[in-house]
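Here, each number is a calculation from the coordinates, and none is a lab measurement. Note that this is a predicted model, so its numbers are computed, not measured. Note: ideal-geometry Cβ built from the backbone for every residue, glycine included; neighbour counts use all protein chains shown.
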Amino acid sequence: MSAAEIKAKTFDWFDERLGLRMARDMLDHKVVPLHPGTAWYYFGGITLFLFGVQMFTGLLLLLYYRPTVAEAFDSVRFIMTRVEFGWLIRSIHSWSANLLIFFAFVHMFSVMFTHAYRRPRELTWLSGIALLGLMLCFGFSGYLLPWNQISYFATKVGTDVAGTTPFAGPMLARLLRGGEDVGAATLTRFFAFHVMILPLLTGGLVGLHLLLVQKAGMSTPKHLPAHDLSHMKFFPNFFLRELMVWYGVLALLGSLAAIFPWELGEKADPFASAPAGIRPEWYFLAQFYTLKLIPSHVWIFEGELIGLAGFGLLALVWVALPFWATTKPDGSGGRARLATGVGIFLVCYLVTFTLLGYFK
Amino acid sequence: MRAPVIIFLPCFALWIVPGSAAAADSCVTCHAAVDDAAKGPAALIKNDVHIAHGLSCADCHGGDRTSDDPDVAMNKKKGFKGKPARTTIPKFCSTCHSNPDYMRKYAPRERVDQFELYQTSVHGKRLAGGDTAVATCIDCHSVHDIRAVKDTAAPVYPLRVAETCSRCHSDAQKMAPYKIPTNQFQEYKTSVHWEGLTKRNDLAAPTCASCHGNHGAKPPQVESVSAVCGSCHVLFEQLYEKSVHNAVFSGAGGGGGCMVCHSNHAVHDPSTAMLVGPKAVCSGCHDAGTAPAGTAAQMAAWLDGLDAALKKSETLLASAEKSGMEVSEAQVRLIDGRESLVKARLALHSMKPAEVRVPVEEGMAVAKSTEKAGEFALHEKDVRRMGLAVSVLLIGIAILAIRLLLRRMESGN
């Protein structure tokens, strides 16, 4: 039997059990529309790639990390100083987490400004927003795990803010902390969220998101109907381009990790006073700074409550985007312009308040 | 005598307005209305700690504060004492301040032995001898606007004590009859103690009263100098007392103990320049070339060597940390090295080189290991950068290869 025959027989064997031909046909027929905004399609892929990096580096860190108050900080220090390339894995994990959230935001705003959320992609939008929320939860829970001074007090502030949520606030704060204050129970709880609950939810939701993207195909700008555009084959043409971008992101990630290794800080001391200028990670800075600006009382309401209500309202408008920023069947008019306005406002608000929160 | 008339008029005005006089303190009301020196107390008293505790002028000066008639209010039959003579001021204040039962009502933790101590002080003894120029209670605590010691505006608040003492002790004219120097405050302001107090706001740093006492103020005698310094510098005192210098310095004229080397008011940051070199205090007694001078030079070299080695490690580790390297373990070890240097400086007071050598060697071991850690971290940084450069190059080649592959594929189409 020749090599070609063995190859064909092996393929047939697997095809009978896994449906490889169907997958190959699907890949053969999948195309990517070409237009001036094609570059935006890469950002979803970058986010997916970084999620993969997170899973891989996270699994490696799990080999050494110990989620107890007594050992967490020392185990991270051990990873950074004693484990071969431990410093690189930990720094890549931390930098990748930040880049992941950054690119998730870029992907989300690109979808918003190109109105790619419109019918029939409402569920794709909703699953994407849910994924962004999960990424933020990953960031919040992972921040505490090194159990250093900054992360300890930032978690204290973060859970305090969650505690001011109307009605469910105190219960939510207790649920997050596993008690009245940030402590050993919080660390194990955050660890469980970070390495088990959130990855399971994210894995399922990423699958759903990709399935929905596959089902509805790539969205094109509303003034450029897909049938008027030329296309590029997804595999291998678009995939190889995406691969080049991934390599670029990997180079960026490696450079950041090698030149600016993620610092460890000092071990958390619950009895010490909070470090000066304590603030959360950059992706929560805009909200943090807004809450700082709101007076402690506005009329009869608590300032924080007003802030949280405002964020809640904004989040609702944002999540419900495909349902209120509707367009006509031909893709024109409707409230699309208003959606663009809301998007510009959101970008301006997030950029300005994040910078103010960082520098003030 | 216009004053009584001026005092009387507002009192009369108050008297003709029914109900208003009974509630007021006639002392404050009348004294506030006069224009001469008698107005002073009424103006000052609003800040007084006694008033804050609900006491009034009459509680010290006697009299009847409810009466608007000066003749009744300031009647000796009503217990009016008036202004106490300067020689009687301590006794006057002690009426309450030496009475534990009375003081417990207002300041239960306050001491009640101030008058007793004052009588043992130079000030107290001279006052008892009729010298009214010496300090009494009011010269330090002020009068009528007496503030609690913890009040930052009080003249006896730790940050202000030296300035308060200097009001008299820096006054050459006032001090001339006593033939004592007036440069203490000036010298004290150059000291590490003043620096600690004023620049670091360390209220535990010593001021005049910390060494000389406050109410029982007197200069420490030769035999008690080391005990005074030792009340804070405990271990230094213990070693010094066992040293050869203790017996020699105790017999020295013009003060002894710690101040022979460190001075009294101008206590400067100690350094090895005190042991060797042109400013060496040792050279005041030991000529160059003698064995003790050689020992001092040897110990100075050890201390300087350790200090330099630790600084070198510090610089290396700081540089590595700035490059993002994790060196916290070495930095913690470096703290042990600094502690060894402190121990060596402490051991120096025993004047036994063998005792100094032990912590110096411990510190040198730490300095060497941390220096090695710093050098390793910096080398590791270079390795990482090199690794990064190679990785980026390989990634660049991979990107280029894909690009070429794409071009070939798409040109074929």
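How far, in degrees from 0 to 90, does helix A:198-216 lean away from the longest principal axis of the Cα atoms of chain A, to the nearest 10?
It works out to around 30 degrees.
Taking amide H atoms as placed 1.01 Å from N in the peptide plane, list the residues 5 or more away in sequence, or in a different chain, whose amide H sits under 5 Å from that of A:Val31.
A:Phe234
Under the definition of Cα pairs under 8 Å and six or more residues apart, what whole-number percent is the relative contact order of the stretch B:85-219?
21 percent
Using 18 Å as the Cα-Cα cut-off, could you pick out the over-long pairs in B:Lys179/B:Lys218; B:Lys83/B:Lys125; B:Lys189/B:Lys311; A:Lys156/A:Lys292; B:Lys311/B:Lys381; B:Lys199/B:Lys322?
Numbers: B:Lys179/B:Lys218 15 Å; B:Lys83/B:Lys125 22 Å; B:Lys189/B:Lys311 29 Å; A:Lys156/A:Lys292 16 Å; B:Lys311/B:Lys381 21 Å; B:Lys199/B:Lys322 29 Å.
Distance filter (> 18 Å) returns B:Lys83/B:Lys125; B:Lys189/B:Lys311; B:Lys311/B:Lys381; B:Lys199/B:Lys322.
Can you give the average number of partner chain beta-carbon atoms within 10 Å of each beta-carbon in peptide A:82-95, as a whole number?
Counting other chains' Cβ atoms within 10 Å and averaging over A:82-95 gives 1.
Give, in nm to one decimal, the length gained when the segment between A:Met55 and A:Val319 is fully stretched (0.36 nm per residue of separation minus the Cα-Cα distance).
92.4 nm
Pop out the ³J(HN,Hα) list for the stretch B:182-194 in order, Karplus 6.51 cos²θ - 1.76 cosθ + 1.60 with θ = phi - 60°, rounded to Hz; leave Gly and Pro as x.
Result, ordered by residue: 10, 9, 4, 5, 4, 5, 4, 5, 9, 8, 5, 5, 4 Hz.
Using Cβ contacts closer than 10 Å as the measure, can you line up B:His212, A:His223 from fewest to most?
Ranked by crowding around the Cβ, least crowded first: A:His223, B:His212.
Between beta-carbons, use under 13 Å as the cut-off and find the net charge around A:Lys360, counting Lys and Arg +1, Asp and Glu -1.
Net of charged neighbours comes to +2.
Pull up all non-local amide H partners of A:Val298: gap of 5 or more, or a different chain, and H-to-H distance under 5 Å with H placed in the peptide plane.
A:Gly303
How far is helix B:353-412 tilted, in degrees, relative to the longest principal axis of the Cα atoms in chain B, given as a value from 0 to 90 rounded to the nearest 10?
60 degrees
Would you mind working out the magnitude of the charge dipole of the stretch B:351-406 relative to its Cα centre, with +1 at each Lys and Arg C-beta and -1 at each Asp and Glu C-beta, to the nearest 20 Debye?
280 debye
Apply 1/(1 + (r/R0)^6) to the Cβ-Cβ distance of B:Met409 and A:Arg21, taking R0 = 30 Å, and write down the FRET efficiency to the nearest 0.05.
Efficiency for this residue pair is about 0.85.
Within a Cβ distance under 15 Å of A:Leu60, other residues only, what is the Lys/Arg minus Asp/Glu net charge?
Values: positive: A:Arg66, A:Arg82, A:Arg90; negative: A:Glu84.
Charge balance in the 15 Å sphere: +2.
Working out 0.36 nm times the residue gap between A:Ile6 and A:Phe359, then minus their Cα-Cα distance, what length gain in nm do you get to one decimal?
Numbers: separation 353, 0.36 × 353 = 127.08 nm, distance 6.46 nm.
Full extension of this stretch gives 120.6 nm more.
Counting each DSSP H run of 4 or more residues in chain A as -39500 (n - 2.57), what helix-only mean residue ellipticity at 222 nm follows after dividing by all residues, to the nearest 500 deg cm²/dmol? Intermediate values should be presented prior to the final figure.
Values: 15 runs with 236 residues, N = 360.
Rounded to the nearest 500, the figure is -21500 deg cm²/dmol.
Ratio of alpha-carbon Rg to the 2.2 N^0.38 Å globular estimate for the stretch A:36-278, to two decimals, please.
1.14
For chain B, with a Gaussian network of springs between Cα atoms less than 10 Å apart, report the residue from B:Arg111, B:Arg86, B:Arg385 with the top mean-square fluctuation.
In the Gaussian network model the winner is B:Arg385.
When chain B is treated as a GNM, springs tying every alpha-carbon pair under 10 Å, which of B:Arg338, B:Arg384, B:Arg167 comes out with the largest mean-square fluctuation?
Among B:Arg338, B:Arg384, B:Arg167, the largest mean-square fluctuation in the Gaussian network model of chain B belongs to B:Arg384.
Using the per-residue mean of other Cβ atoms lying within 10 Å as a proxy for protection, in what order, highest first, do the peptides B:93-100, B:139-146 fall? Don't skip to the end; give the middle numbers.
On the way: B:93-100: 16.1, B:139-146: 18.8.
Packing proxy ranking, top to bottom: B:139-146, B:93-100.
Find out how many positive minus negative residues lie around B:Arg126, taking Lys and Arg as positive, Asp and Glu as negative, among other residues whose Cβ is under 14 Å from that of B:Arg126.
So the environment of B:Arg126 carries a net charge of +3.
Points 7 angstrom from Cα along the Cβ direction at B:Thr152 and B:Asn183: gap in nanometres?
Those two pseudo-labels are separated by 3.4 nm.
To the nearest 0.05, what FRET efficiency results for B:Lys312 and B:Ala288 with a Förster distance of 30 Å applied to their C-beta separation? Kindly include the intermediate steps, with their values, before the conclusion.
Values: r = 30 Å, r/R0 = 0.99.
About 0.50, to the nearest 0.05.
Applying the Karplus parametrisation 6.51 cos²θ - 1.76 cosθ + 1.60 with θ = phi - 60° to the phi angles of the stretch A:145-155, what ³J(HN,Hα) value in whole Hz is obtained for each residue in order, glycine and proline being reported as x?
4, x, 6, 9, 4, 5, 5, 4, 6, 5, 5
Using label points projected 7 Å from each Cα along Cα→Cβ, tell me how many nm separate B:Gln238 and A:Val298, to one decimal.
Between B:Gln238 and A:Val298, the label points sit 6.3 nm apart.
Cα to Cα, under 19 Å, and not fewer than 8 places away if on the same chain: which lysines meet these conditions relative to A:Lys233?
Correct list for A:Lys233: A:Lys30, A:Lys215.
Hey, what angle do you get for helix A:303-319 against the long axis of chain A, alpha-carbon based, 0 to 90 degrees rounded to 10?
In chain A, helix A:303-319 runs at an angle near 0 degrees to the longest axis.
Excluding residues on the same chain fewer than 8 positions from B:Lys78, give the lysines whose Cα lies under 28 Å from its Cα.
B:Lys39, B:Lys46, B:Lys91, B:Lys105
Where in the stretch A:123-148 does the label zone of A:Thr68 land, with the point 7 angstrom along Cα→C-beta and an amide N cut-off under 19 Å?
Those under the cut-off are A:145-148.
Which whole-number value in Å³ per residue fits the convex hull of the alpha carbons of the stretch B:252-384?
Spread over its residues, the Cα hull of the stretch B:252-384 gives 123 Å³ apiece.
What length, rounded to one decimal in nm, is gained on full extension from B:Val192 through to B:Thr87, with 0.36 nm per residue of separation minus their alpha-carbon distance?
Result: 34.1 nm gained on full extension.
What 222 nm value per residue comes from the helices of chain B, counting each DSSP H run with n ≥ 4 as -39,500 (n - 2.57) and dividing by all residues, nearest 500 deg cm²/dmol?
The helix contribution divided over chain B gives -18000 deg cm²/dmol.
Would you pull out the residues with amide H under 5 Å of A:Asn148's amide H, same chain only if 5 or more places away, H placed 1.01 Å from N?
So A:Asn148 has HN proximity to A:Ala268.
In which sequence would A:Thr220, A:Thr290 go, from the one with the fewest C-beta neighbours within 10 Å to the one with the most?
A:Thr290, A:Thr220
Each residue of the stretch B:152-168 in order: what ³J(HN,Hα) in whole Hz does its phi give by Karplus 6.51 cos²θ - 1.76 cosθ + 1.60, θ = phi - 60°, with x for Gly and Pro?
Running phi through 6.51 cos²θ - 1.76 cosθ + 1.60 with θ = phi - 60° gives 4, 8, 6, x, 9, 5, x, 5, 10, 4, 4, 5, 5, 4, 5, 4, 9 Hz.
So for B:Phe376, B:Phe92, fewest C-beta neighbours within 10 Å to most, what's the order? Don't jump to the answer; show the numbers that get you there.
Working: B:Phe376 15, B:Phe92 20.
Placing the least packed residue first, the sequence is B:Phe376, B:Phe92.
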